Amino acid sequence: MVHEPEHRAEPRRRSLTSVQVAEYLRDHPDFLIRHPDLLTVLTPPSRQTGDTVVDMQQFMVERQRREIERLRAAHQDLVAISRSNLSSQSRIHAGVLSLLGARSFGHLIDIITNELSHTLGCEAVTLCVEGDGHTLPRAIRAGLFVLRPGEIDALLGPGNDVLLRGPNAREGVDLVFGPAAGLIRSDALLRLKVSRAAPLGLLGLGSRREEDFAPQQGTELLTFLARAVEHSIRVWLDLPHQPG
């Protein structure tokens, strides 16, 4: 005779009574502090039921007020960042247009080392190229400097094309900015790969404001500017394109 398996009833979950919940909350007065998310789903009683209820409502009101202030501050920060990005974009675009207006190679160098600083709102914009370390002086003219072989990699790190630095990173600032180095509190160093027939270059943007070039900022616009400088130099010198 086959016996069918017995079906045991699932144990019923015991429901908590309101008295038990109240006792638990009395024994754990910091419960809502440890679980503040419950305040968003609890229904507060009216203010007329006693002083303790008024305190509870006040706590919830203050919590909502702090959240509103946090969201307002976050919104203001987002608006400020958006405005700053829009301003930076406009300045970079204006700088690139000025490069396109060069009438000669000498004029192009003057635009890069002189006019760009005003257009971009920087303290100094310099152009550096690596030489053999012997035949050329360190400074050719204001804003145009010669670096020794390997110094660009030493500054940027091998394989890095952009480096943003704040006031605590000052390595090589004298090499890149020359006499203006003492004014620089933040800078952007951009690798220039003009052509396989030209030496490695570096575009230096220096500001007296610490917040202008921070390591966490985006670099897309600066990279665009570097590519525009490369292209302009390559066209005026009739050089082959840099592969890769």
Provide the gained length on full extension for the span residue 90 to residue 235, in nm with one decimal, where the gain is 0.36 nm per separating residue minus the Cα-Cα distance. 49.8 nm
Using a 10 Å cut-off on Cβ atoms, rank the peptides 92-98, 31-37 from the highest mean neighbour count down. 92-98, 31-37
Per 0.36 nm of contour for each residue apart, how much would the distance between residue 153 and residue 17 grow if the chain were fully extended, relative to their Cα-Cα spacing? 41.8 nm
Expressed in nanometres to one decimal, the distance between label points 7 Å along Cα→Cβ at residue 138 and residue 63 is 6.3 nm
√(5λ) per eigenvalue of the Cα gyration tensor, the range 103-237, largest first, Å: 21, 17, 15
How would you order 229-236, 169-176 from highest to lowest mean count of nearby Cβ atoms within 10 Å? 229-236, 169-176
Net lengthening on full extension, residue 74/residue 161 (0.36 nm per residue, minus Cα-Cα): 28.1 nm
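Each reported figure results from applying straightforward, stated rules to the coordinates on display, with no laboratory input. Just so you know, these numbers come straight off a predicted model, no measurement behind them. Cβ: placed from backbone, ideal geometry, glycine included. Neighbour counts: every protein chain shown.
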